[in-house]
Each structure stands twice: as structure tokens, then as C-alpha cells.
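Report on the following structure.
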């Protein structure tokens, strides 16, 4: 089971629900300490490890347009996490390893949503910033959903 929360509505809401459903299949998501289940939000990464958030990035919608009016569009997003961070090289290497596994999983797991072509990483995972006082850091990876219209 996966704990999922979302905010907002509108045209992106259905795609975000599909994306959350897709990501809920990832076996590498770690449980949030309090609930013992993975915790994924939309546009709202918490301050305690381990939590995940999907955040839409500004980007061009169209990847390719066809003469019949159809084509391929993209939804660019960041998949971010709040992870424990310390001077322990093993802990920090494990955080980086998660993003390698996550990227590989997306490459190997086709989406099931109608019209979706693939979900892919466009960067490697990286530490975005650390909060030394809290003993945690934000890690993220930039991704996109390619879909036909």
C-alpha cells in the first residue's frame, strides 16, 4: 500500500493521478517513518525523511507535431525526496543508489495509462540541498512523461 496525497485540480489532475498510480508500483520507494508506508505528495515535500513529492516543471508541451493535428507531448516533472543525510558515506551513497534504481525501474516499466508512451529520467538523481540542522537533504531527479495526442 502507498499513502498518496495531492493538491490542486484542473487539466493536470488526471495526469498526476495516473503518474501517482504508476509510481506506486516502484518497489524501491522506502517507507515513511511514522506510517511505515511510502508517502508521495504533489507539490508538497515534507521536512521528515523519507517522503517523496512530484512537482511539475515548466517546459514546452509539444515534442513533435503531426500534420493531422496530433503528436507527442510531454509533462516534465521533478521526483524529489527528503532523505536522511549525514557524514556517513554509506548513507549518502544509498540515497544516490536509490535514484539509479528508480531511473532503471522507469526505463524497464512501461506505463499503463492510455496514450502514454513512456516515463523517463532526463537527468540523474542528485542532492539538491541539505538541511544540516535537521539531518536531512532533498534529492531529486528530473523526469518526463511522453504521451500521444
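Gain in length, residue 130 to residue 113, computed as 0.36 nm per residue apart minus the alpha-carbon separation, to one decimal in nm?
On the way: separation 17, 0.36 × 17 = 6.12 nm, distance 3.48 nm.
Working it through step by step, the gained length comes to 2.6 nm.
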remark   = Contact order relative to length for the chain, counting C-alpha pairs under 8 Å separated by 6 or more residues, stands in percent at 21 percent
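For n ≥ 4 DSSP H runs only, could you compute -39500 (n - 2.57) per run for the chain, divide by its residues and tell me the 222 nm figure to the nearest 500?
After summing the helix terms and dividing by the residues of the chain, the value is -7500 deg cm²/dmol.
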task = With everything on Cα atoms, drop me the angle between helix 89-108 and the longest principal axis of the chain, reported from 0 to 90° to the nearest 10.
result = 20 degrees
inquiry  = Once R0 is set to 25 Å, what does the formula 1/(1 + (r/R0)^6) return for the Cβ-Cβ distance between residue 60 and residue 13, expressed as a FRET efficiency to the nearest 0.05?
reply    = 0.75
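Seen from all sides and averaged, what is the projected area of the convex hull of the Cα atoms in segment 3-148, in nm²? Please list the in-between numbers first.
Values: hull surface 36.7 nm².
Averaged projected area of segment 3-148's Cα convex hull equals 9.2 nm².
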message = What is the angle, in °, between the Cα long axis of helix 11-23 and the longest principal axis of the Cα atoms in the chain? Nearest 10 is fine, range 0 to 90.
response = 50 degrees
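Throughout, read-outs are computed from the coordinates displayed, never taken from laboratory work. Please read these numbers as outputs of a predicted model, since none were measured by experiment. Neighbour counts are summed over all protein chains in view; Cβ atoms, including those assigned to glycine, are modelled from backbone coordinates with ideal geometry.
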